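The values are calculated or read from the model by the stated rules, or taken from the named source; none is laboratory data. From a predicted model like this one, the values you see are computed outputs, not experimental measurements. Cβ sites come from the backbone with ideal geometry, for glycine too, and all protein chains shown count toward neighbours. Please note that ligands, DNA and RNA were not included when accessible areas were found on the heavy atoms of the full protein model with its side chains. Shrake-Rupley method; radii C 1.70, N 1.55, O 1.52, S 1.80 Å.
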Amino acid sequence: MNSNSLLFSPFPLPNGVALPNRLVKAAMEENLSNPNLEPDKALWNLYETWARGGVGTMITGNVMVDHRAMTGPGGVVLEEGSQLEGFRQWSSKAKFAGGKIIMQINHPGRQVLAKLGGEVWAPSAIAVDIGKLSKLLGKPRAMTKTEIEETIQRFAQTSSLAEESGFDGVEIHAAHGYLISQFLSPIANQRKDEWGGSLENRSRFLEEVIKAVRKNVKPNFIVSVKLNSADFQKGGFQFQDAKEVISRIQTLGVDFIELSGGNYEAPAMQGESRDGSTLSREAYFLEFASEAAKTATVPILVTGGIHRKQIAESVLESGVPLVGIATALALNPNLPNDWKKNQELENRLPDPSWKSKTLKGLANMAMVRYQLNRLSENRKPTAKVSPIIRLVMDQIRLTRLTKRYQNWIRSRTK
């Protein structure tokens, strides 16, 4: 079988569910919820557009398990008491062409914007260090054991509601410096109890989340995990740790593991690292993923910088069976169909040549979000954008959404 037909061949997961092809739309933070933090027309349109484009499986942007802790304004929340109609519409629009839809579920932990407010929980009271911009994030406090147990149950509850809403599975977000990733990190997690210290203890939170989720859903519901291959910080979570965590969680009923990398302090998921590693090539995390795939007993999905069909094919040739695509699908939602016809993506977003990795990361996210916004309004994406203008406009929009969220929180507490 040539690699073109392999890219578009079905792929069976450990639970018996077959993904229609090997191409997976990886998560991008959309910030497109309605004022009640629910999905509506904007997200339905966006996912229907991708479904038409031929991608076999889609992983949503962050869906939060707790309305008090948001990765950003305009995020979606699914928890006890949420209205499910908008979620049912979302899953049905995403699946109309026969593809699968997986909900990424998340808790930000300490990566919460200060102006957003809410609960800033973390394994330990250690703030995010992004230099002069550190004050933009809230001051974390260490979670109590009760709060840890409650949050584990929230992941399970959200998964159960996702299943009820017609989603095919969930992806537990344990990467990019969010809460579960913080538990795994020896820098962020300095607890002295059973949740900290050794890697075995630091993995406990993730393991308990997986067990609780798996127990709450049917066997044919996909349960996957997004894990950092490394967090690209000296003294942080390393590739050897990732390999050990994979071996620990692969026996818990996980259907695939997505490998990414980085966090707010070292945004490797956007090609930036803090420890001098080079991530400039396409498919940033492929070396890690192909190495991990040699010993993993569950399928590996790799995401990060893949734009060309030739690179997607090289992922499969390296022994990694699933290819995650993010920004390239924001620039061309029809990319899988184009690849079938051997057409390539011609557009690339401009690369801001700025010193601050944090500002570069924010500008990249702003340019991608702009594309998602356009697609949600049934407009075509455009790579002709100015990083600085998009960053400023994105901040203005996020400020407006922040006020909306604060009003929503106030209305709930009355």
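Relative contact order for the chain: 16 percent, from Cα pairs under 8 Å spaced at least 6 residues apart, divided by residue count.
Report the net charge of residues surrounding residue 116, where surrounding means a beta-carbon distance below 12 angstrom and charges are Lys +1, Arg +1, Asp -1, Glu -1. All intermediate terms of the calculation are to be shown ahead of the outcome.
On the way: positive: 68, 115, 403, 404; negative: 119.
That works out to +3.
If R₀ is 25 angstrom, what is the calculated FRET efficiency for the pair residue 342 and residue 52, using the beta carbon separation as r and rounding to 0.05? Mind dumping the intermediate values first?
Working: r = 19 Å, r/R0 = 0.77.
Efficiency for this residue pair is about 0.80.
Quick one: if the Förster radius is 25 Å, what FRET efficiency do residue 18 and residue 96 give, using the C-beta to C-beta distance and rounding to 0.05? It comes to 0.90. When the charge dipole of the range 306-414 is built from unit charges on Cβ atoms (+1 for Lys and Arg, -1 for Asp and Glu) and taken about the Cα centre, the candidate among 335, 349, 399 whose Cα reaches farthest toward its positive end is 399.
Let me make sure I get this right: for the chain, a, b and c are the square roots of the gyration tensor eigenvalues over alpha carbons, sorted descending. Under 1.5 in a/c it's rounded, otherwise prolate if a/b > b/c, else oblate. Which is it? Display every interim value, and only then the final one.
Working: a/c = 1.21, a/b = 1.12, b/c = 1.08.
Rounded, since a/c falls under 1.5.
Over all Cα atoms in the range 19-82, the spread is summed up by Rg and Dmax: 12.8, 37 Å. For residue 115, the lysines whose Cα falls under 17 Å of its own Cα, not counting residues fewer than eight places away in the same chain, are 132, 135, 139, 403. With all protein chains kept in place, the per residue accessible area of the chain amounts to 39 square angstrom at a probe of 1.4 angstrom.
For residue 406 and residue 194, a Förster radius of 41 Å and the Cβ-Cβ distance give a FRET efficiency of 0.70, rounded to the nearest 0.05.
Could you state the per residue volume, in Å³, of the convex hull enclosing the Cα atoms of the range 95-238?
On the way: hull volume 19.3 nm³, N = 144.
Expressed per residue, the convex hull around the Cα atoms of the range 95-238 is 134 Å³.
Inter-label distance, residue 45 to residue 68: 3.5 nm, where each label sits 7 Å from its Cα along the C-beta direction.
Over the range 6-351, what percent of the accessible surface lies on carbon and sulfur atoms, probe 1.4 Å? Carbon with sulfur: 48 percent of the solvent-accessible area.
At 1.4 Å probe size, put 93, 294 in order of accessible surface, largest to smallest.
Details: 93 65, 294 150 Å².
Sorted by accessible area, descending: 294, 93.
Amide H contacts of residue 11: 19, 21, each under 5 Å away and 5 or more positions distant or on a separate chain (H built 1.01 Å from N in the peptide plane; Pro and chain starts excluded). One decimal place: the segment residue 146-residue 395 gains 86.1 nm when fully extended, by the rule 0.36 nm per residue minus the C-alpha distance. Dividing the summed helix terms, -39500 (n - 2.57) for each DSSP H run of n ≥ 4, by the number of residues in the chain produces a 222 nm estimate of -11500 deg cm²/dmol to the nearest 500.
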